[in-house]
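The structure under discussion appears below in the form of structure tokens.
Just so it is clear, none of the values below were taken in a lab; they were calculated from the coordinates. All values derive from a computational prediction rather than experimental measurement. Virtual Cβ from ideal backbone geometry, glycine too; neighbours counted across all protein chains shown.
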Amino acid sequence: MSTEVSKSSVEGIDEQRLVQKANRQDLRFAVTGFLVLVVAMAALLALVADFMIDGVPRISVDFLTNFPSRRPDQAGILSAWVGTVLVMLTTAALAVPIGMAAGVYLEEYAPKNWMTDIIEINVTNLAGVPSIIYGLLALGLFVQTLRLGQTILVAGMTLALLILPIIIVATREALRSIPLEIREAAYGLGADKWQVVRMYLLPAARPGILTGAIVGMSRAIGETAPIITIGALTFIAFLPPAPLQPEPPFINFEWLNSPFTVLPIQMFNWISRPQAGFHVAAAAAGVILLLLTLLMNGLAIYIRYKIRRGQK
Amino acid sequence: MTIEAITAPSAGAVQYGRLVPSEAFLRWRAISGRVVSVILFAAAALSVFVTASIVYILVYDSVLFFRQVSIIDFLTDTEWTPVFDNPRFGIMTLVSGTLMTTLIGLVVAVPTGTILAIYLSEFARPRVREFIKPILELLAGVPTVAFGYFALFFLTPIFQGFIPGLSTFNLLVPGIVIGIMILPYIVSVAEDAMRAVPDTLREGAYALGFTRLQTSVKVVIPGAFSGVTAAYILGMSRAVGETMVVAIAAGQQARIAYDPLEGAATITAYIVQISLGDLPHNSLAYLTIFAAGLTLFLITLIFNLIAFWLRRKYREVY
């Protein structure tokens, strides 16, 4: 009896040590995890701060209204930001409707068969294809085979293909989160499939789809590699024809066939120059690019946050 | 809505106190439903067409290339000099550059990503998680060209301060920056997999007296193993395809990359370099970018398919 007691007390000491050791390890890991977190956040902060310090003093009204120039202190981003706006318009006009349609098909219409399986694996795989491969696709298909040239339309189509998987996935997730009862109630009232989709599901899925569209567009705004690959010029000192005109028919689509440059291309071009003055200009262009992408991502995160609050 | 209001036949008439849809309306609705479903299918099938076009274009131009260069030379030569008078086409030079930056990126991102994923999934309070995940998303949203600038003009000078002999263009700094870039993807996929492990398993472990760390290492990670592996492979695939950081900060000299302190061209940086030049579009040197692109596509395709299969596996288990 007495031996048993002493034995268990010995074990008790060991257990206590074991527990203490395990708890210390636990704490150590929690601290490590937190430190890694801090380092990751510091990297993002350093990046933003680096751009702010290098670039912000260079930003002025002239910088926004000047064309690129051979003299670094006169170089501006007028053609670049106008190009970015027009390319993004084209990309959105193509990718959002097609991505939504594909998402609705896969989530609501697709029968369970091998063809649907192939499409699903395809979309997943396309999301992982490096962007420069899309550039080679555009070079081979749009530029060399269809001979469309290095135009805003080609850039818009290329980036639209690139962000299509993002919008498809966002649409599907938004549709999937709508309760089945809504569909059943609508069918019960005599609606057919398309009426259910158009009148009930798409309005309910709108915030989710919007989030996906914004994330996709912010990805497209910063993409450089595919646009370099199609052979877009980097020195553009003119603007595409204006999309709006004073005389009828008021809207003009000639800009789609215009050569162009965009912000990331302009920035890359300036980085590759030897003169330090151009590097400052690159940082300034980078500040604007960063601001745009961070704002768009922030907006997407905010909308998602609102959706989740609404669901609770 | 408005289009339908103009073109649709009138919905029907009220009979015996209820709405009876007219024949014309039902016929119109059936036809328009069919038309819409065909359009939606076409949109979904576009993705298959895109993949098919990618494969067709890469293979077609690569075949033109391999008619003039033997595939054995392509895989075994140790020099890559397509624009020289006596051109050599050893893709392994470019592949070695790509592998080196990928490896450095993984060395940075895999341990930190795993620790962060465990921390967010098992340790952090919900409010901390709600705060951190958006920041990681912001990090993932930074344009790659901005990371390139950051690598060349910010990190490289700092690293040169304490690594003597580090060239202005090197593989080390772009590799580290690639690690930072793929970190958010690894964290998000790995955390997703860990959270899919049912709480009953965790509760069982806690009931046996496990600490959080023991639960994470002995229960959650084994349970989420395929998903965590998928996260690494997806990160690897992104690192291989990353373009602008290496095009800006890793240099353009194609050589077998064994010293990370020196610069070397990667597959992607080479494609950018040729695209910026003014080679005639039908020259042999120009066709190399499609052969290089095909190599890149095959590497990432294999990674992506493995990751797809692994992720599907853990989704099925729970």
Least to most buried among B:Y258, B:Y60, B:Y270, by other C-beta atoms within 10 Å and fewest first, runs B:Y258, B:Y60, B:Y270
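Using the structure shown, select from A:K21/B:K218; B:K218/B:K313; A:K112/B:K313; A:K21/B:K313 the pairs with a Cα to Cα distance greater than 26 angstrom. Could you put the intermediate results ahead of the total?
Working: A:K21/B:K218 17 Å; B:K218/B:K313 20 Å; A:K112/B:K313 19 Å; A:K21/B:K313 36 Å.
Flagged as over cut-off: A:K21/B:K313.
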Listed residues A:N269, A:N257, A:N122, most fluctuating in chain A (Gaussian network, C-alpha, under 10 Å): A:N122
Listing A:W81, A:W114 by rising number of other beta-carbon atoms within 10 angstrom, fewest first, gives A:W114, A:W81
Under a 5 Å amide H to amide H cut-off, with H placed in plane at 1.01 Å, what residues pair with B:F89 once short-range neighbours are removed? B:T81
Using only the Cα atoms of the range A:255-312, build the gyration tensor, take square roots of its eigenvalues as a ≥ b ≥ c, and label the shape rounded, prolate or oblate: rounded if a/c is under 1.5, else prolate if a/b is larger than b/c, else oblate. oblate
Residue among A:W194, A:L27, A:L180 farthest towards the positive dipole end of chain A, charges placed on Cβ: A:L27
Residues of the range A:194-217 with backbone nitrogen within less than 12 Å of a virtual label 7 Å along the Cα-to-Cβ line of A:I182, please, listed as ranges. A:196-209
In debye to the nearest 20, the charge dipole size for the range A:59-311, taken about the Cα centre with +1 at each Lys and Arg Cβ and -1 at each Asp and Glu Cβ, equals 380
Starting from the Cα of A:K306, draw a straight line to each of the lysines and keep only those under 30 Å, dropping any in the same chain fewer than 8 residues away. A:K193, B:K133
Positive end of the charge dipole of chain B (Lys, Arg +1 and Asp, Glu -1 on Cβ, about the Cα centre): tell me which of B:S226, B:I274, B:L305 has its Cα farthest that way. B:S226
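Which value, in debye to the nearest 20, gives the size of the charge dipole of the protein assembly as shown about its Cα centre, when Lys and Arg are +1 and Asp and Glu are -1 at the Cβ? Can you show the working numbers first?
Details: 43 positive and 39 negative charges, 278 e Å.
Its charge dipole is roughly 1340 debye.
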Taking a ≥ b ≥ c as the square roots of the Cα gyration tensor eigenvalues, with a/c under 1.5 meaning rounded and otherwise prolate when a/b beats b/c or oblate if not, the protein assembly as shown comes out oblate
Give the order of B:E122, A:E223, A:E107 when sorted by the count of other beta carbons within 10 angstrom, beginning with the fewest. A:E107, B:E122, A:E223
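Give the shape of the range A:90-244 as rounded, prolate or oblate, defined through the alpha-carbon gyration tensor: a ≥ b ≥ c are the square roots of its eigenvalues, a/c under 1.5 means rounded, and otherwise the shape is prolate if a/b is larger than b/c and oblate if not.
Values: a/c = 2.70, a/b = 1.98, b/c = 1.36.
Cα axes put the range A:90-244 in the prolate bin.
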Go ahead and set up a Gaussian network model of chain B, Cα springs under 10 Å, then flag whichever of B:L103, B:L120, B:L19 fluctuates most. B:L19
About its Cα centre, what dipole magnitude does the range B:40-184 give when the only charges are +1 on Lys and Arg Cβ and -1 on Asp and Glu Cβ, stated in debye to the nearest 20? 540
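Ignoring everything except DSSP H segments at least 4 long, calculate the 222 nm mean residue ellipticity for chain B; use -39,500 (n - 2.57) per segment, divide by total residues, nearest 500. Intermediate values should be presented prior to the final figure.
Working: 14 runs with 219 residues, N = 318.
Calculated at 222 nm, the ellipticity per residue is -22500 deg cm²/dmol.
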For chain A, modelled as a Gaussian network with Cα springs under 10 Å, which listed residue fluctuates most, A:A285, A:A22, A:A80? A:A22
Neighbour-limited loop hits for trypsin sites (Lys or Arg not before Pro), the range B:179-265 (at most 10 other Cβ within 10 Å; DSSP other than H, G, I, E, B): none
